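To start, the structure under review is shown below, and the notes come after it.
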Amino acid sequence: MKTVLSPSANSLRFGLIGNPENRRVQDFQAAVEALGHPRPACLAYEELLGDPSSLDRFDVDWIRIDSPGENPAVAEALILRGGGCPDVPLAFGEIGFQREYHRGFCDVLEQIAARGIPCVNAPQDIAVMFDKWQCHQRFVDHEIARPHSEMAPASFLVLREHMRAWRSGRVFLKPLHGSSASGVCALRWTPHHQQLIAPLRIQIEKGRTLLINSLEVRTYTHPADIQAILERLLPSGMIQERWIPKLSLPEGAVDLRVLVIHGEPRHWVVRQSMYPMTNLHLGNRRGDAAVLRNILGGKLDKAFELAARAAACFSDSLYAGVDILIDSSHRAFVGEINAFGDLLPRLIHRKESAYTAIARACYDRRCLV
């Protein structure tokens, strides 16, 4: 990580860019205050998108860029900024315009970078972390263990021909620019049967087929439903990833979310599910860390080392959330990396919450990224 040392870190004016109403912003502000520092000011994405000059007036010494998610007005503004059509608004929870959303967000990140204020996580790193294909290529270049992946066809008809040629298989299809499992599909097939598992539902509205994010993971087996889903998702770009058979325990398959801060694996949680998607917001459970350590022994430490190596591929960022897959042979692979993967409520490591640990790392050793 690139750092510069300041003789008066405690006097630094720390600012956030985020959605002020979001608990991410509020919890981080509270963590900074609890350490005895002034409450960081927050420039709202909505204000920044409506008035680009607001960034020029944001008088701070360094910035933490937070997630723009969970705000429909911000989503619409980012989609419009990324070239989306203003006459086709998203329905509540609809999966759509992910490419335009990403393009708009990257444009905002470039604007922040051009302002020249040091950022806790560099805008260029954040942009790459939200592009699954660029991430995959970077990990391969750094010899980070990853499931074999390739770009999926942009056409369902082409994918169907591939499925017929392969006769049977199982893959994950992930939107290039999605997050929180939005649009992620676990697909498996034989010559006589197809199955697609995804946290979404199909909704017909005014003659349009919509895909709606759902907290309930659904299984689709009718070929027409699978075709309808993939015809909506594939044209926006998806990565096709080998389906790793995860380590299974009595209450479901497990993987890990590991928060790496300043190169050190800190907070981590076992995510356990009866479905292929283990994201905790989908109602999945936190697994027993002690049980997993007992099963894996020293291989768990190897998994943490892999998470640290993955985060080190983004050397201009102080922290990242890394998802580690553990296969049935106890081998570790990097599944994802998330620039905003620090929302880990009630998780304590060395008597610190995730946000307290990040806030302290920001000030300790007076690190500016």
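Where a number appears in this text, it was derived from the coordinates with a stated rule and is not lab data. These numbers come from a predicted model, not from an experiment. As a convention, Cβ positions derive from the backbone with ideal geometry for all residues, glycine included, and neighbour counts pool all protein chains shown.
Divide by every residue of the chain the summed helix terms, -39500 (n - 2.57) for each DSSP H run of at least 4, and state the resulting mean residue ellipticity at 222 nm, rounded to the nearest 500 deg cm²/dmol.
-9500 deg cm²/dmol
If you take every DSSP beta bridge fully contained in the chain, what fraction is antiparallel? Give it as a percent rounded to 5.
85 percent
Run the dipole for the chain about the Cα centre, Lys and Arg Cβ at +1, Asp and Glu Cβ at -1, nothing else charged, and hand back the magnitude in debye, nearest 20.
Computed charge dipole of the chain: roughly 1120 debye.
Is there a quick way to get the dipole size of segment 301-340? I mean about its Cα centre, with the Cβ of Lys and Arg at +1 and of Asp and Glu at -1; what is the value in debye to the nearest 20? Please report the intermediate quantities before stating the final value.
Values: 3 positive and 6 negative charges, 19 e Å.
Approximately 100 debye in magnitude.
Just how large is the dipole of segment 149-242 about the Cα centre, in debye to the nearest 20, putting +1 at every Lys and Arg Cβ and -1 at every Asp and Glu Cβ?
I would put it at about 120 debye.
Tell me, what ³J(HN,Hα) does each residue in segment 143-157 have, in order and in whole Hz, if you take phi through Karplus 6.51 cos²θ - 1.76 cosθ + 1.60 with θ = phi - 60° and put x for Gly and Pro?
Couplings: 6, 8, 4, 9, x, 4, 9, 8, 5, 6, x, 7, 10, 5, 4 Hz.
Taking the Cβ of Gly93 as the centre, find all other residues whose Cβ is under 13 Å away and add up their charges (Lys, Arg: +1; Asp, Glu: -1).
-3
Short version: ³J(HN,Hα) in whole Hz for each residue of segment 40-46, in order, from phi by Karplus 6.51 cos²θ - 1.76 cosθ + 1.60 (θ = phi - 60°), x for Gly and Pro, what are they?
Once θ is set to phi - 60°, the couplings for segment 40-46 become x, 6, 10, 8, 6, 4, 4 Hz.
Viscosity 0.692 mPa s, temperature 37 °C: Stokes-Einstein D of the chain from its Kirkwood Cα radius, in µm² per second?
Calculated translational D: 152 µm²/s.
Using Cβ counts within 10 Å as a stand-in for footprinting exposure, how do Asp51, Asp27 rank, fewest first?
Numbers: Asp51 11, Asp27 17.
Placing the least packed residue first, the sequence is Asp51, Asp27.
So what's the gap between the Cα centers of segment 300-367 and segment 195-214, to the nearest angstrom?
Segment 300-367 and segment 195-214 have Cα centres spaced 33 Å from each other.
Could you list which residues have their amide H under 5 Å from that of Glu336, counting only those 5 or more apart in sequence or on another chain, with H placed in the peptide plane?
Close amide H contacts, sequence-distant or interchain: Asp323.
Straight distance only, please: which lysines reach the Cα of Lys246 with their own Cα at less than 18 Å, same-chain residues fewer than 8 apart left out?
Lys174, Lys299, Lys302
Return the loop-located trypsin sites (Lys or Arg not before Pro) in segment 57-86 (DSSP other than H, G, I, E, B) with at most 10 other Cβ atoms within 10 Å of their own Cβ; answer none if there are none.
In loop regions of segment 57-86 (DSSP not H, G, I, E or B), the sparsely surrounded trypsin sites (Lys or Arg not before Pro) are Arg57.
Near the amide H of Cys42, under 5 Å away, which other amide H atoms are found, from residues 5 or more places off or on another chain, if H is placed in the peptide plane?
Placed amide hydrogens put Leu16 under 5 Å from Cys42.
Kindly write out, for segment 265-271 in residue order, the coupling ³J(HN,Hα) from the Karplus curve 6.51 cos²θ - 1.76 cosθ + 1.60 (θ = phi - 60°), rounded to whole Hz, with x marking Gly and Pro.
Result, rounded to whole Hz: x, 10, 6, 8, 9, 8, 9.
Quick one: Debye curve from the C-alpha atoms of segment 9-129, no solvent, what's log10 I(q)/I(0) at q = 0.23 Å⁻¹?
With no solvent term, the Cα-only Debye profile gives -1.41.
If you count, for each residue, the other Cβ atoms within 10 Å and average over each peptide, how do 354-362, 200-208 line up from highest to lowest?
Packing order, densest peptide first, comes out as 354-362, 200-208.
Identify which of Pro20, Pro223, Pro153 has the largest mean-square fluctuation in a Gaussian network model of the chain, with springs joining Cα atoms closer than 10 Å.
Looking only at Pro20, Pro223, Pro153, the largest GNM fluctuation is found for Pro223.
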